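Quick notes on the structure that follows.
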Amino acid sequence: MEQLERGGSLVEKAWAKINLGLKVRWRRADGYHELCTIMQAVDLADVLWIEPAAQTRLTCTDPELSTGPDNLVLRAVEVFNCRLSGAPCRVRLHLEKHIPMGAGLGGGSADAAAALRGLNRLCGAPFSAAVLRELAGLLGSDAPFLISGGTALARGRGEQLEPLHWEGDFYYVLACPEVAVSTVWAYSQVQPGLTPSSPYLNFVSSLSGGRVAGKALINVLENDFQGLVERANPIVAELRSHLSLAGAQACSMSGSGSTVYGIFDDRNAAQRAHQGLRAKGCRSFFCRPA
Ligand code: C5P
């Protein structure tokens, strides 16, 4: 994860994630769902500035986001301080939002993960990445992955991670319609375990040594939320076919939506698809792996 220093503040980039396939296996006794998904961090990011202060306080560029104690950044400070022995770390935080919310890109989890990394740096690295992932798991199902980013197979709630090395070198074009999908709603609608075996699950079972061959993964992408989210929001299906017609090798929805992404091996085709979406007035991001 990229780290920057500017004007005496410590700066952390909070990378977004996309799901390269997402299967909901079953509903668990604790109300969460058992997942099988490959997560990929991308270089669309929020930026979090952190500096020591007498009182902990958060400001944010997006007036729609609460800066109260419910914000995942402030909750990250709380769980960090609870684990810290000695005096709590008090900080002034400023969050510059770029990742759309309710978009299936893990924006809140990304901010929480960035806050944990930044606090750890500020305090002289008292915690290992494994401890940061454990703390992140208290804040959001995507947050443990976003501590280190890259590419990883995630199971459990999303916290059981196996890093993957993907040999493919792709460009991602994200299309983010102006509809926010509630994750809680999407999980309440999904019918888990409809397909105990599927090309995607078979592909995941066949992974060995953490290596993912070039295009094998993109030929088997499935997202269990896609059908139900597209039925409720036809724009999601329209954007997916737009990306497909623009030459994407594969298209899928990320997480529980509403973002759809296209995967391209040709940079120019990806740029054209991105510009085409912007010309239609759609929020679009041209991304590389992070
Ligand atoms: O963990 P997080 O706060 O991101 O999850 C938001 C909601 O999504 C949970 O309250 C739950 O309803 C649902 N969820 C789930 N199973 C998961 C992840 C999330 O049911 N593995």
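The values are calculated or read from the model by the stated rules, or taken from the named source; none is laboratory data. Please read these numbers as outputs of a predicted model, since none were measured by experiment. A quick note on method: Cβ atoms are made from the backbone with ideal geometry, for glycine too, and the neighbour counts reach across all protein chains shown.
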Might you check whether a residue that is outside any loop (DSSP other than H, G, I, E, B), within 16 Å of the ligand (Cβ to nearest atom) and surrounded by 23 or more Cβ atoms within 10 Å (Cβ to Cβ) occurs anywhere in the stretch 247-264?
yes
Could you count how many residues in the stretch 167-188 are farther than 16 Å from GLY255 by Cβ and either in contact with a Phe, Trp or Tyr (Cβ under 8 Å, 6 or more places away or on another chain) or surrounded by 20 or more Cβ atoms within 10 Å (Cβ to Cβ) (or both)?
3
Selected residue (only one of ALA76, ALA136, ALA113 is within 16 Å of the ligand (Cβ to nearest atom), in a helix (DSSP H, G or I), modelled with pLDDT of 95 or more and over 15 Å from the mean Cα position of the chain (by Cα))
ALA76
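Quick grid of which residues meet (1) over 20 Å from the mean Cα position of the chain (by Cα); (2) closer than 24 Å to ARG283 by Cβ; (3) at pLDDT 95 or above; (4) in a strand (DSSP E or B):
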| site | (1), (2), (3), (4) |
| --- | --- |
| VAL24 | no, no, yes, yes |
| ALA29 | yes, no, yes, no |
| THR37 | no, yes, yes, yes |
| ALA41 | no, yes, yes, yes |
| GLY108 | no, yes, yes, no |
Which of the residues spanning the stretch 43-57 are under 25 Å from MET101 (Cα atoms) and either of a type outside the set (Asp, Glu) or part of a loop (DSSP other than H, G, I, E, B) (or both)?
LEU44, ALA45, VAL47, LEU48, TRP49, ILE50, THR56, ARG57
Taking only pairs six or more apart or across chains, which ones have beta-carbon atoms under 8 Å, a first residue in the stretch 180-199 that is more than 13 Å from the ligand (Cβ to nearest atom), and a second residue that is assigned to a helix (DSSP H, G or I) and not hydroxyl-bearing (Ser, Thr, Tyr)?
THR195/LEU201; PRO199/ASN219
Which condition number does ASP70 fail, the rest of (1) farther than 30 Å from ALA250 by Cβ; (2) among the charged types (D, E, K, R); (3) crowded, with 16+ Cβ neighbours inside 10 Å being met?
(3)
Count, please, the residues in the stretch 22-34 that happen to be crowded, with 22+ Cβ neighbours inside 10 Å and near the ligand (Cβ under 7 Å from one of its atoms).
0
Restricting the stretch 116-133 to residues that are among the aliphatic types (A, V, I, L, M) and not in a loop (DSSP other than H, G, I, E, B), the one farthest from the chain's Cα centre (by Cα) turns out to be LEU122
The one condition PRO63 fails out of (1) within 17 Å of the chain's Cα centre (by Cα); (2) free of Cβ contacts under 8 Å to residues at least 12 places away in the same chain is (1)
Of (1) among the hydrophobic types (A, V, I, L, M, F, W, C); (2) farther than 19 Å from PRO289 by Cβ; (3) touching a Ser or Thr at 6+ places or on another chain (Cβ under 9 Å), ALA125 satisfies every one except (3)
So SER128 passes all but one of these: (1) farther than 19 Å from ALA154 by Cβ; (2) surrounded by 17 or more Cβ atoms within 10 Å (Cβ to Cβ); (3) at pLDDT 95 or above. Which condition number does it fail?
(2)
I'm told LEU161 meets every condition in (1) in a strand (DSSP E or B); (2) crowded, with 20+ Cβ neighbours inside 10 Å except one. Can you identify the failing condition by its number?
(2)
Quick one: SER197 ticks every box in (1) more than 30 Å from ASN268 (Cα to Cα); (2) within 14 Å of the chain's Cα centre (by Cα) except a single one, so which number is it?
(2)
